[in-house]
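See structure below.
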Amino acid sequence: MDLPGTDRRTTVRRGGFPTEQAARAALRRLLEGTAVGFNADPNQTLADYLSAWLEAKQLLLKPTTFARYRDYVANDLIPALGDVLLDDLGYAHLAGYVHTQLERGRGKVTVHQILATLSSALGDAVRHHRLARNLARPTVIPRPAAAERHIWTPDQAARFLRCCHTLDPLFADLVEVIIGTGLRKGEALGLHWDDIHLTERILFVRCTLSAVDNNRLVLTSPKTRSSKTWVALSDRVAHALEDRAAADDLADGGGDHGGFVFSRAGGRPLHPACVLRRFYWLCDKADVPRCAIHDLRHLAATISITNGVPLTVVSKTLRHATLSTTANIYAHLTAQAARQAVYTIDDTLDRADRAVLPTVVALRAVLRPQDDHIAGHRNQLIELKPIPGQANCDSRSTRLPRGATTLRPPGAKTTKRPSPPLGGNGLRPAKTLVGTTGFEPATP
(Lines give C-alpha, C1' and ligand atoms only; values in the text may rest on other atoms or scores of the structure.)
Protein backbone atom coordinates (compact mmCIF):
# COMPACT_ATOMS: atom_id res chain seq x y z
CA MET A 1 0.00 0.00 0.00
CA ASP A 2 1.22 3.51 -0.81
CA LEU A 3 0.56 6.21 1.79
CA PRO A 4 -1.24 9.25 0.36
CA GLY A 5 -0.45 12.90 1.02
CA THR A 6 3.35 12.70 0.71
CA ASP A 7 5.70 14.07 -1.93
CA ARG A 8 7.66 10.89 -2.09
CA ARG A 9 6.17 7.46 -2.64
CA THR A 10 6.02 5.59 0.67
CA THR A 11 5.11 1.93 0.53
CA VAL A 12 3.98 0.08 3.64
CA ARG A 13 3.82 -3.70 3.65
CA ARG A 14 2.32 -5.69 6.48
CA GLY A 15 1.50 -9.37 6.66
CA GLY A 16 0.67 -12.20 8.98
CA PHE A 17 -3.06 -11.50 9.25
CA PRO A 18 -5.21 -14.58 9.90
CA THR A 19 -8.00 -13.56 7.50
CA GLU A 20 -8.60 -11.12 4.68
CA GLN A 21 -11.13 -9.29 6.86
CA ALA A 22 -8.50 -8.66 9.56
CA ALA A 23 -6.08 -7.36 6.93
CA ARG A 24 -8.68 -4.96 5.53
CA ALA A 25 -9.51 -3.71 9.05
CA ALA A 26 -5.81 -3.03 9.70
CA LEU A 27 -5.56 -1.18 6.39
CA ARG A 28 -8.60 0.96 7.22
CA ARG A 29 -7.17 1.89 10.63
CA LEU A 30 -3.81 2.77 9.07
CA LEU A 31 -5.43 5.07 6.50
CA GLU A 32 -7.63 6.75 9.13
CA GLY A 33 -4.64 7.35 11.40
CA THR A 34 -2.58 8.80 8.58
CA ALA A 35 -5.44 11.14 7.67
CA VAL A 36 -5.61 12.65 11.18
CA GLY A 37 -1.86 12.70 11.77
CA PHE A 38 -0.91 9.67 13.89
CA ASN A 39 0.54 6.25 13.24
CA ALA A 40 -2.00 3.43 13.34
CA ASP A 41 0.40 0.72 12.22
CA PRO A 42 -0.66 -2.56 13.91
CA ASN A 43 3.04 -3.49 14.23
CA GLN A 44 3.88 -0.32 16.17
CA THR A 45 5.59 -1.08 19.47
CA LEU A 46 5.09 0.76 22.71
CA ALA A 47 8.63 2.15 22.45
CA ASP A 48 7.90 3.70 19.04
CA TYR A 49 4.64 5.18 20.25
CA LEU A 50 6.12 6.68 23.45
CA SER A 51 9.02 8.21 21.51
CA ALA A 52 6.63 9.86 19.06
CA TRP A 53 4.39 10.98 21.92
CA LEU A 54 7.29 12.67 23.74
CA GLU A 55 8.32 14.47 20.58
CA ALA A 56 4.82 15.87 20.17
CA LYS A 57 4.57 16.84 23.86
CA GLN A 58 7.85 18.72 23.99
CA LEU A 59 6.24 21.91 22.67
CA LEU A 60 3.27 21.70 25.05
CA LEU A 61 4.75 20.80 28.44
CA LYS A 62 6.82 22.85 30.84
CA PRO A 63 10.54 22.04 30.69
CA THR A 64 10.48 20.46 34.15
CA THR A 65 7.44 18.31 33.35
CA PHE A 66 8.89 17.21 30.03
CA ALA A 67 12.17 16.25 31.71
CA ARG A 68 10.32 14.09 34.23
CA TYR A 69 8.26 12.38 31.49
CA ARG A 70 11.39 11.82 29.40
CA ASP A 71 13.25 10.17 32.29
CA TYR A 72 10.35 7.85 33.10
CA VAL A 73 9.92 6.84 29.44
CA ALA A 74 13.61 6.35 28.65
CA ASN A 75 14.72 4.77 31.93
CA ASP A 76 11.67 2.76 33.00
CA LEU A 77 8.90 2.19 30.46
CA ILE A 78 10.84 1.47 27.29
CA PRO A 79 13.36 -0.95 28.88
CA ALA A 80 10.55 -2.93 30.52
CA LEU A 81 7.64 -2.74 28.05
CA GLY A 82 9.08 -1.23 24.88
CA ASP A 83 9.02 -4.45 22.83
CA VAL A 84 5.31 -5.05 23.40
CA LEU A 85 3.04 -4.12 20.49
CA LEU A 86 0.82 -1.20 21.34
CA ASP A 87 -2.29 -3.08 20.21
CA ASP A 88 -1.28 -6.11 22.31
CA LEU A 89 -0.60 -4.19 25.53
CA GLY A 90 -2.75 -5.64 28.32
CA TYR A 91 -3.42 -5.27 32.00
CA ALA A 92 -1.22 -8.28 32.73
CA HIS A 93 1.82 -6.41 31.37
CA LEU A 94 1.22 -3.47 33.70
CA ALA A 95 0.50 -5.64 36.73
CA GLY A 96 3.65 -7.67 36.15
CA TYR A 97 5.74 -4.52 35.79
CA VAL A 98 4.36 -3.05 39.04
CA HIS A 99 5.01 -6.21 41.06
CA THR A 100 8.52 -6.50 39.65
CA GLN A 101 9.38 -2.91 40.53
CA LEU A 102 8.02 -3.19 44.05
CA GLU A 103 9.95 -6.40 44.64
CA ARG A 104 13.13 -4.62 43.58
CA GLY A 105 12.57 -1.98 46.24
CA ARG A 106 11.15 0.88 44.18
CA GLY A 107 8.90 3.20 46.15
CA LYS A 108 5.15 3.19 45.60
CA VAL A 109 5.17 6.91 44.87
CA THR A 110 7.75 6.49 42.09
CA VAL A 111 5.94 3.51 40.54
CA HIS A 112 2.65 5.39 40.65
CA GLN A 113 4.22 8.40 38.88
CA ILE A 114 5.62 6.11 36.16
CA LEU A 115 2.16 4.64 35.58
CA ALA A 116 0.69 8.14 35.56
CA THR A 117 3.08 9.05 32.73
CA LEU A 118 2.02 5.94 30.80
CA SER A 119 -1.63 6.78 31.47
CA SER A 120 -1.13 10.25 30.00
CA ALA A 121 0.40 8.76 26.86
CA LEU A 122 -2.31 6.13 26.42
CA GLY A 123 -4.97 8.74 27.08
CA ASP A 124 -3.79 10.67 24.02
CA ALA A 125 -3.98 7.45 22.00
CA VAL A 126 -7.61 7.03 23.06
CA ARG A 127 -8.45 10.64 22.17
CA HIS A 128 -6.91 10.11 18.72
CA HIS A 129 -8.92 6.88 18.31
CA ARG A 130 -5.68 4.92 18.16
CA LEU A 131 -6.77 2.73 21.09
CA ALA A 132 -10.22 1.79 22.30
CA ARG A 133 -9.48 2.34 26.01
CA ASN A 134 -6.77 3.41 28.42
CA LEU A 135 -5.40 0.33 30.17
CA ALA A 136 -3.45 2.40 32.70
CA ARG A 137 -6.57 4.03 34.14
CA PRO A 138 -7.39 3.19 36.82
CA THR A 139 -3.84 2.43 37.85
CA VAL A 140 -2.75 -0.95 39.16
CA ILE A 141 -1.88 0.56 42.54
CA PRO A 142 -3.88 3.41 44.08
CA ARG A 143 -2.31 6.78 44.56
CA PRO A 144 -0.19 6.64 47.72
CA ALA A 145 -1.14 8.92 50.57
CA ALA A 146 0.88 12.09 50.89
CA ALA A 147 3.73 11.99 53.35
CA GLU A 148 3.05 13.44 56.78
CA ARG A 149 4.12 17.06 56.95
CA HIS A 150 5.99 18.48 59.90
CA ILE A 151 4.78 22.06 60.24
CA TRP A 152 6.63 24.37 62.58
CA THR A 153 4.90 26.06 65.45
CA PRO A 154 4.96 29.87 65.53
CA ASP A 155 7.58 29.71 68.31
CA GLN A 156 9.84 27.50 66.20
CA ALA A 157 9.43 29.81 63.20
CA ALA A 158 10.33 32.85 65.34
CA ARG A 159 13.41 31.06 66.73
CA PHE A 160 14.55 30.11 63.23
CA LEU A 161 14.13 33.68 61.95
CA ARG A 162 16.07 35.17 64.87
CA CYS A 163 18.95 32.77 64.25
CA CYS A 164 18.75 33.26 60.50
CA HIS A 165 18.90 37.07 60.73
CA THR A 166 22.19 36.68 62.57
CA LEU A 167 23.82 34.02 60.38
CA ASP A 168 22.37 34.71 56.90
CA PRO A 169 20.31 37.92 56.43
CA LEU A 170 19.64 37.09 52.76
CA PHE A 171 18.07 33.77 53.63
CA ALA A 172 16.18 35.34 56.53
CA ASP A 173 14.52 37.81 54.14
CA LEU A 174 13.64 34.94 51.78
CA VAL A 175 11.95 32.98 54.57
CA GLU A 176 10.14 36.12 55.77
CA VAL A 177 8.65 36.56 52.28
CA ILE A 178 7.59 32.91 51.93
CA ILE A 179 5.93 32.74 55.37
CA GLY A 180 4.39 36.20 55.16
CA THR A 181 2.87 35.79 51.69
CA GLY A 182 2.49 32.02 51.21
CA LEU A 183 4.52 32.05 47.97
CA ARG A 184 5.90 28.82 46.58
CA LYS A 185 9.68 28.38 46.66
CA GLY A 186 10.08 28.81 42.89
CA GLU A 187 7.84 31.89 42.89
CA ALA A 188 9.89 33.54 45.64
CA LEU A 189 13.20 32.72 43.90
CA GLY A 190 11.85 34.08 40.61
CA LEU A 191 10.76 37.45 42.01
CA HIS A 192 12.08 40.50 40.14
CA TRP A 193 12.25 44.00 41.52
CA ASP A 194 10.01 45.18 38.69
CA ASP A 195 7.22 43.02 40.15
CA ILE A 196 7.41 44.58 43.64
CA HIS A 197 5.70 47.85 44.58
CA LEU A 198 6.66 48.70 48.13
CA THR A 199 4.74 51.98 48.24
CA GLU A 200 1.48 50.16 47.43
CA ARG A 201 2.52 47.16 49.58
CA ILE A 202 1.83 44.62 46.81
CA LEU A 203 3.82 42.32 44.52
CA PHE A 204 2.90 40.49 41.34
CA VAL A 205 3.68 36.81 40.83
CA ARG A 206 4.76 36.58 37.22
CA CYS A 207 7.01 33.51 36.93
CA THR A 208 8.65 30.70 38.83
CA LEU A 209 12.27 29.57 38.88
CA SER A 210 12.93 25.86 38.28
CA ALA A 211 15.93 23.63 37.65
CA VAL A 212 15.79 21.23 34.69
CA ASP A 213 17.77 18.04 35.27
CA ASN A 214 18.91 19.68 38.53
CA ASN A 215 21.29 21.77 36.46
CA ARG A 216 19.80 24.27 34.00
CA LEU A 217 17.75 27.11 35.53
CA VAL A 218 14.63 28.21 33.64
CA LEU A 219 11.83 30.70 34.24
CA THR A 220 8.38 29.28 33.55
CA SER A 221 4.81 30.32 34.22
CA PRO A 222 3.39 29.67 37.71
CA LYS A 223 1.77 26.38 38.61
CA THR A 224 -1.83 27.38 37.82
CA ARG A 225 -3.51 30.22 36.01
CA SER A 226 -4.87 31.62 39.27
CA SER A 227 -1.33 31.73 40.70
CA LYS A 228 -0.40 34.60 38.39
CA THR A 229 -1.89 37.51 40.33
CA TRP A 230 -1.25 40.26 42.90
CA VAL A 231 -0.28 39.48 46.50
CA ALA A 232 -0.57 41.89 49.44
CA LEU A 233 2.45 42.63 51.63
CA SER A 234 2.39 42.95 55.39
CA ASP A 235 4.61 45.39 57.26
CA ARG A 236 6.97 42.60 58.26
CA VAL A 237 7.40 41.41 54.66
CA ALA A 238 7.74 44.97 53.38
CA HIS A 239 10.55 45.66 55.88
CA ALA A 240 12.34 42.48 54.74
CA LEU A 241 12.15 43.60 51.10
CA GLU A 242 13.34 47.08 52.04
CA ASP A 243 16.35 45.55 53.79
CA ARG A 244 17.05 43.47 50.69
CA ALA A 245 16.83 46.57 48.48
CA ALA A 246 19.26 48.42 50.74
CA ALA A 247 21.70 45.49 50.63
CA ASP A 248 21.51 45.47 46.82
CA ASP A 249 22.25 49.19 46.75
CA LEU A 250 25.40 48.63 48.79
CA ALA A 251 26.48 45.72 46.60
CA ASP A 252 25.77 47.41 43.24
CA GLY A 253 26.78 50.93 44.21
CA GLY A 254 23.27 52.33 43.93
CA GLY A 255 22.43 50.64 40.63
CA ASP A 256 18.92 50.12 39.32
CA HIS A 257 16.72 47.30 40.65
CA GLY A 258 15.77 45.23 37.63
CA GLY A 259 17.12 41.80 38.43
CA PHE A 260 16.24 39.08 40.89
CA VAL A 261 15.29 40.04 44.43
CA PHE A 262 17.16 37.06 45.89
CA SER A 263 20.40 36.56 43.99
CA ARG A 264 24.04 35.68 44.35
CA ALA A 265 27.03 37.80 43.43
CA GLY A 266 26.68 39.16 39.93
CA GLY A 267 22.87 39.08 39.99
CA ARG A 268 22.54 35.36 39.28
CA PRO A 269 19.48 33.68 40.83
CA LEU A 270 19.78 31.26 43.72
CA HIS A 271 19.82 27.59 42.73
CA PRO A 272 16.92 25.65 44.33
CA ALA A 273 19.19 22.78 45.40
CA CYS A 274 21.63 25.17 47.08
CA VAL A 275 18.74 26.89 48.83
CA LEU A 276 17.53 23.56 50.25
CA ARG A 277 20.97 22.61 51.55
CA ARG A 278 21.38 26.02 53.15
CA PHE A 279 17.93 25.75 54.71
CA TYR A 280 18.76 22.42 56.34
CA TRP A 281 22.02 23.83 57.72
CA LEU A 282 20.18 26.78 59.26
CA CYS A 283 17.54 24.47 60.75
CA ASP A 284 20.27 22.59 62.57
CA LYS A 285 21.85 25.82 63.81
CA ALA A 286 18.49 27.13 65.08
CA ASP A 287 17.67 23.77 66.73
CA VAL A 288 14.35 23.36 64.90
CA PRO A 289 13.20 20.21 63.08
CA ARG A 290 14.00 19.95 59.40
CA CYS A 291 11.14 20.37 56.98
CA ALA A 292 10.67 21.13 53.30
CA ILE A 293 10.80 24.74 52.18
CA HIS A 294 7.32 24.26 50.73
CA ASP A 295 6.13 23.54 54.27
CA LEU A 296 6.69 27.22 55.05
CA ARG A 297 3.77 27.92 52.73
CA HIS A 298 1.70 25.46 54.76
CA LEU A 299 2.83 27.25 57.91
CA ALA A 300 1.34 30.49 56.56
CA ALA A 301 -1.98 28.73 55.91
CA THR A 302 -1.93 27.05 59.32
CA ILE A 303 -1.43 30.32 61.17
CA SER A 304 -4.22 31.98 59.18
CA ILE A 305 -6.81 29.21 59.62
CA THR A 306 -6.13 28.63 63.33
CA ASN A 307 -6.58 32.34 63.99
CA GLY A 308 -10.03 32.47 62.45
CA VAL A 309 -9.32 33.70 58.91
CA PRO A 310 -12.13 32.43 56.63
CA LEU A 311 -11.17 29.57 54.36
CA THR A 312 -12.14 31.54 51.26
CA VAL A 313 -9.68 34.30 52.18
CA VAL A 314 -6.93 31.74 52.83
CA SER A 315 -7.63 30.12 49.44
CA LYS A 316 -7.31 33.48 47.68
CA THR A 317 -4.12 34.27 49.58
CA LEU A 318 -2.53 30.97 48.59
CA ARG A 319 -3.89 31.44 45.02
CA HIS A 320 -5.37 27.97 44.78
CA ALA A 321 -7.36 27.17 41.66
CA THR A 322 -10.46 26.12 43.64
CA LEU A 323 -11.68 26.36 47.21
CA SER A 324 -11.93 22.57 47.38
CA THR A 325 -8.15 22.35 46.91
CA THR A 326 -7.62 24.39 50.07
CA ALA A 327 -10.23 22.40 51.97
CA ASN A 328 -8.66 19.06 50.98
CA ILE A 329 -5.09 20.06 51.86
CA TYR A 330 -5.99 21.60 55.20
CA ALA A 331 -8.83 19.26 56.17
CA HIS A 332 -7.33 18.68 59.63
CA LEU A 333 -7.32 22.42 60.27
CA THR A 334 -10.84 22.93 58.96
CA ALA A 335 -12.03 20.21 61.37
CA GLN A 336 -10.52 22.17 64.25
CA ALA A 337 -12.10 25.35 62.91
CA ALA A 338 -15.48 23.60 62.70
CA ARG A 339 -15.16 22.45 66.30
CA GLN A 340 -14.23 25.97 67.34
CA ALA A 341 -17.24 27.28 65.43
CA VAL A 342 -19.74 25.15 67.34
CA TYR A 343 -18.01 26.08 70.61
CA THR A 344 -18.37 29.73 69.65
CA ILE A 345 -22.09 29.26 68.95
CA ASP A 346 -22.55 27.52 72.30
CA ASP A 347 -20.65 30.20 74.20
CA THR A 348 -22.54 33.01 72.48
CA LEU A 349 -25.92 31.50 73.31
CA ASP A 350 -24.86 30.93 76.94
CA ARG A 351 -23.83 34.55 77.34
CA ALA A 352 -27.07 35.75 75.77
CA ASP A 353 -29.07 33.44 78.03
CA ARG A 354 -27.33 34.76 81.16
CA ALA A 355 -27.97 38.34 80.04
CA VAL A 356 -31.69 37.73 79.47
CA LEU A 357 -32.28 35.67 82.66
CA PRO A 358 -32.94 38.64 85.07
CA THR A 359 -35.46 40.11 82.65
CA VAL A 360 -37.28 36.79 82.33
CA VAL A 361 -37.48 36.37 86.12
CA ALA A 362 -38.90 39.86 86.55
CA LEU A 363 -41.42 39.29 83.76
CA ARG A 364 -42.61 36.06 85.37
CA ALA A 365 -43.15 37.89 88.68
CA VAL A 366 -45.39 40.43 86.96
CA LEU A 367 -47.43 37.95 84.91
CA ARG A 368 -47.86 35.36 87.73
CA PRO A 369 -48.09 36.70 91.30
CA GLN A 370 -46.45 34.66 93.99
CA ASP A 371 -49.78 34.10 95.87
CA ASP A 372 -51.58 32.41 92.98
CA HIS A 373 -50.73 28.98 94.36
CA ILE A 374 -51.76 29.39 98.04
CA ALA A 375 -52.98 26.10 99.48
CA GLY A 376 -56.28 27.59 100.66
CA HIS A 377 -57.06 29.06 97.26
CA ARG A 378 -56.10 25.88 95.49
CA ASN A 379 -58.62 23.82 97.50
CA GLN A 380 -61.57 26.06 96.73
CA LEU A 381 -64.10 24.58 94.32
CA ILE A 382 -66.64 26.31 92.20
CA GLU A 383 -70.15 25.15 93.00
CA LEU A 384 -72.07 24.14 89.94
CA LYS A 385 -75.81 24.86 89.97
CA PRO A 386 -78.14 22.41 88.25
CA ILE A 387 -79.60 23.56 85.00
CA PRO A 388 -83.40 23.94 85.16
CA GLY A 389 -85.31 21.35 83.19
CA GLN A 390 -82.57 18.68 83.40
CA ALA A 391 -82.29 15.88 85.88
CA ASN A 392 -79.58 16.23 88.38
CA CYS A 393 -76.92 13.56 88.25
CA ASP A 394 -76.31 11.58 91.36
CA SER A 395 -72.66 11.38 92.10
CA ARG A 396 -73.18 7.98 93.67
CA SER A 397 -74.43 6.52 90.39
CA THR A 398 -71.21 7.52 88.59
CA ARG A 399 -68.86 6.26 91.27
CA LEU A 400 -66.14 4.16 89.72
CA PRO A 401 -65.65 0.63 90.93
CA ARG A 402 -62.64 -0.09 93.04
CA GLY A 403 -59.53 -0.30 90.96
CA ALA A 404 -61.22 1.07 87.82
CA THR A 405 -59.67 3.93 85.94
CA THR A 406 -62.46 4.79 83.52
CA LEU A 407 -66.22 4.71 83.57
CA ARG A 408 -67.60 1.96 81.38
CA PRO A 409 -70.24 3.38 79.04
CA PRO A 410 -73.71 1.87 79.36
CA GLY A 411 -74.52 -0.96 76.97
CA ALA A 412 -76.66 -0.26 73.96
CA LYS A 413 -80.38 -1.05 74.48
CA THR A 414 -81.75 -3.63 72.12
CA THR A 415 -85.49 -4.04 71.41
CA LYS A 416 -87.11 -7.02 69.69
CA ARG A 417 -88.81 -6.08 66.50
CA PRO A 418 -92.50 -7.24 66.53
CA SER A 419 -93.50 -9.93 64.08
CA PRO A 420 -95.44 -8.72 61.08
CA PRO A 421 -99.16 -9.46 61.12
CA LEU A 422 -100.55 -12.46 59.31
CA GLY A 423 -102.15 -12.01 55.97
CA GLY A 424 -105.71 -12.89 55.07
CA ASN A 425 -104.61 -16.31 53.85
CA GLY A 426 -102.87 -17.08 57.11
CA LEU A 427 -99.39 -16.54 55.64
CA ARG A 428 -96.62 -14.24 56.98
CA PRO A 429 -94.47 -12.30 54.48
CA ALA A 430 -91.13 -14.06 53.93
CA LYS A 431 -87.86 -12.44 55.00
CA THR A 432 -86.38 -13.34 51.65
CA LEU A 433 -88.19 -13.79 48.43
CA VAL A 434 -88.89 -17.43 47.62
CA GLY A 435 -90.22 -18.29 44.21
CA THR A 436 -92.60 -15.72 42.73
CA THR A 437 -95.15 -15.23 45.50
CA GLY A 438 -92.92 -13.75 48.14
CA PHE A 439 -94.60 -15.66 50.96
CA GLU A 440 -93.76 -18.72 52.92
CA PRO A 441 -95.97 -20.83 55.18
CA ALA A 442 -96.32 -19.44 58.63
CA THR A 443 -94.77 -21.49 61.39
CA PRO A 444 -97.26 -22.58 64.05
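Relative contact order of the stretch 30-175: what whole-number percent is it, with Cα pairs under 8 angstrom and at least 6 residues apart?
Working: 103 pairs, mean separation 29.2, N = 146.
Relative CO of the stretch 30-175 lands at 20 percent.
If you roll a 1.4 Å probe over the stretch 269-359 with all protein chains in place, what percent of the accessible area is carbon or sulfur? Could you put the intermediate results ahead of the total?
Details: 3260 of 5340 Å².
The nonpolar share, carbon plus sulfur, comes to 61 percent.
In angstrom, the C-alpha Rg and Dmax of the stretch 78-181 are 22.4, 63.
Note the per residue figure in Å³ for the convex hull of the C-alpha positions in the stretch 109-247. Could you put the intermediate results ahead of the total?
Values: hull volume 23.5 nm³, N = 139.
That works out to 169 Å³ per residue.
Cα convex hull, the stretch 153-208: 90 Å³ per residue, rounded to a whole number. Kirkwood radius, the stretch 198-299, all distinct C-alpha pairs, inverse of mean reciprocal distance: 15.9 Å.
The values are calculated or read from the model by the stated rules, or taken from the named source; none is laboratory data. Remember, it's a predicted structure, so these values are computed and weren't measured experimentally. Surface accessibility is based on the protein's heavy atoms, side chains included, excluding ligands, DNA and RNA. Shrake-Rupley method; radii C 1.70, N 1.55, O 1.52, S 1.80 Å.
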